[in-house]
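Report on one structure; see the data block that follows.
The values are calculated or read from the model by the stated rules, or taken from the named source; none is laboratory data. Only a predicted model underlies this, so the values are computations on that prediction, with no experimental measurement involved. When we count neighbours, we look across all protein chains shown, and the Cβ atoms used for this are built from the backbone with ideal geometry, even at glycine. Only protein heavy atoms, including side chains, enter the accessible area calculation; ligands, DNA and RNA are left aside. Shrake-Rupley method; radii C 1.70, N 1.55, O 1.52, S 1.80 Å.
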Amino acid sequence: MLDVGNPFPPDFTPAKIVRRYAARIPAFHLRDSIAGKEVLSGAGEFDFAELGRVLAETDWAGWLIVEVNRNPQIPSRKMTETARDFVRKQMKR
């Protein structure tokens, strides 16, 4: 499983990993972050649209698992639905 949304070295991004190893990746653990600190999907630095394009280019099929951690200010169900909807829209999946 490839855990995305964490800082990667610029020369070895999730998109480059997928292009090279798509057949070996059964699932993605999706989250968004700023400088390694988790934020709501879409509020961080991760390019979900780019990953979606690469998954389509490589005909990847597998699991996309959206990580959502508790936030006392936002109900868990709302946070989960918001993250899921954002990922579907950005990744066209």
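Data table
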quantity: Hits among aspartates and glutamates - C-alpha to C-alpha of Lys78 under 15 Å, sequence gap 8 or more where chains match; calculated: Glu67
quantity: Distance (nanometres) between label positions extended 7 Å along Cα→Cβ at Lys89 and Ile74; calculated: 1.3 nm
quantity: Karplus 3J(HN,Hα) series, Hz, for the stretch 71-85 with 6.51 cos²θ - 1.76 cosθ + 1.60 (x for Gly, Pro); calculated: 9, x, 8, 10, x, 4, 4, 4, 4, 5, 5, 5, 5, 4, 5
quantity: Glu67 paired with Tyr21, simple spin-label distance in nm, labels 7 Å along Cα-to-beta-carbon; calculated: 1.6 nm
quantity: From the coordinates shown, Rg/Rh (Cα atoms, Kirkwood Rh) corresponds to which of (i) 0.96; (ii) 1.00; (iii) 1.03; calculated: (i)
quantity: Net charge over other residues, Cβ less than 13 angstrom from the Cβ of Ser76 (K, R count +1; D, E count -1); calculated: +2
quantity: Those chymotrypsin sites (Phe, Trp or Tyr not before Pro) in the stretch 1-43 that DSSP places in a loop and that have at most 12 other beta carbons within 10 Å; calculated: Phe12
quantity: Simple Cβ-charge dipole of the chain, Lys/Arg +1 and Asp/Glu -1, about Cα centre, in debye nearest 20; calculated: 240 debye
quantity: Sites Asp59 and His29 - FRET efficiency at Förster radius 22 Å, r taken between beta-carbons, to 0.05; calculated: 0.60
quantity: Surface per residue (accessible, 1.4 Å probe) for the chain, Å²; calculated: 66 Å²
quantity: With every protein chain in place, the chain: carbon and sulfur % of accessible area (1.4 Å); calculated: 53 percent
quantity: Charge dipole (the chain, unit charges on Cβ, about Cα centre) - positive-most of Gly42, Pro10, Thr80; calculated: Thr80
